[in-house]
Amino acid sequence: MQSVSQHETRMLLKIATLYYIGEKSQQEISEIVGISRPQISKMLDAAKKKGFVTFSIRDPYSEEHQYERTLTHQYGLLDALVVDTKGDFVNQYLADEVTMLLNSAIKDGDIFGIMSGKTIGALGKQIGRIKRKNICVVPFVGGMTETLDGHEANDNAQRFSEVFKCQCYQLNTPAFVSNAALAEALLKEPMISRVLQIAKQSNVALVSIASLYQSTDLAPDPVFQDIPDIHALRKHHAVAGLCGSFLDSNGDCVDFPGMTQIIGLKANDLKNIPKVIGIAMGEHKVEAIKAVLRGKWIDILVTDLNTAKML
């Protein structure tokens, strides 16, 4: 005669086998063995706790997922997206993953704010469709270069709106102007003021993380050559650019006279946006990314595997 323990063990194994291998529903198993469905659920839990049932996941992206978990925990992020681009700058795999991310983040009626940047511009050429109703795309800053390079915030907003098939705003002003009085006058222009107010109401933002240096040898990034008082920025140990603000290595905003000559959203404006996605990759950007993460300026980080390892 079997002991009670043996009978319970055999019943647990039978139920687990019917459920996990036989693919029977809990209700079907209830009818087979004559035990209530709630009791079947409890017995399945018991089978797992006793070690009769174990699970394994074959994850070809395990390394990427490991760094996503590590970055999320280390920097207190809502989430992280780490993609092995195999040495490419922006490939279709990264674009597909960002498409999935935006599909989950953007809802009907949302305002989607966007920054300038080569990575965002390259993504815009490969991004997939976001099927949402009544959304619009708005740039966060004015132009930063004298010539069209296809990566300005206005360019990125236009490109993403064409893919999303939605409304697009444009901020028709330089990001940096020659003096504070001119900046103040431009900010009072109804068209410019209105676009910036819409940008501040964004529900989701995609922002680039800029390094003040174009490489690890501390050569200055040419895009920042025309910033007023650029030397004052470096004197205050600024390492990162985020929207119309600059950050030191601790992630604190660096105040300098030229701030009054910048037209666009500032880092502090991001605090009022529910979901801010920051994207950056490359060895020369590591210190800038760290500064943004330490300052808690973004909710989600998108980067490549090599950069994630350095972070």
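Numbers below:
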| item | result |
| --- | --- |
| Search result, residues across region 283-297 that are open to solvent by less than 20 Å² (accessible area, probe 1.4 Å) and either closer than 17 Å to residue 83 by Cβ or touching a His at 6+ places or on another chain (Cβ under 9 Å) (or both) | 286, 289 |
| Hits in region 32-60 (condition: surrounded by 13 or more Cβ atoms within 10 Å (Cβ to Cβ) and either modelled with pLDDT under 85 or among the charged types (D, E, K, R) (or both)) | 37, 48, 50 |
| Test: residue in region 168-176 that is at pLDDT 90 or above, open to solvent by 60 Å² or more (accessible area, probe 1.4 Å) and either of a type in the set (Val, Ile, Thr) or out of contact with any Pro (no Cβ under 8 Å at 6 or more places or on another chain) (or both) | yes |
| Residue in region 102-113 that is touching a Ser or Thr at 6+ places or on another chain (Cβ under 6 Å) and buried (at least 20 other Cβ atoms within 10 Å of the Cβ) present | yes |
| Identity of the residue in region 253-282, assigned to a loop (DSSP other than H, G, I, E, B) and among the basic types (Lys, Arg), that ends up surrounded by the most Cβ atoms within 10 Å (Cβ to Cβ) | 266 |
| Residue 8 in a helix (DSSP H, G or I), within 18 Å of the chain's Cα centre (by Cα) and among the acidic types (Asp, Glu) | no |
| Subset of region 252-308 that is of a type in the set (Gly, Ala, Ser) and under 13 Å from the mean Cα position of the chain (by Cα) - its residue that is nearest to residue 76 (Cα to Cα) | 278 |
| Selection within region 71-84 - within 22 Å of residue 125 (Cβ to Cβ) and surrounded by 18 or more Cβ atoms within 10 Å (Cβ to Cβ) | 81, 82, 83 |
| Pair list, Cβ under 8 Å, 6 or more apart: region 78-89 residue at pLDDT 95 or above, other residue open to solvent by 20 Å² or more (accessible area, probe 1.4 Å) and among the small types (Gly, Ala, Ser) | none |
| Hey, residue 193 modelled with pLDDT of 80 or more and in a loop (DSSP other than H, G, I, E, B) or not | no |
| Some residue of region 223-238 being open to solvent by less than 10 Å² (accessible area, probe 1.4 Å) and modelled with pLDDT of 85 or more | yes |
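The values are calculated or read from the model by the stated rules, or taken from the named source; none is laboratory data. These numbers were taken from a predicted model, which means no experiment stands behind them. Backbone-built Cβ (ideal geometry, glycine too); neighbour counts: all protein chains shown. Surface accessibility is based on the protein's heavy atoms, side chains included, excluding ligands, DNA and RNA. Shrake-Rupley method; radii C 1.70, N 1.55, O 1.52, S 1.80 Å.
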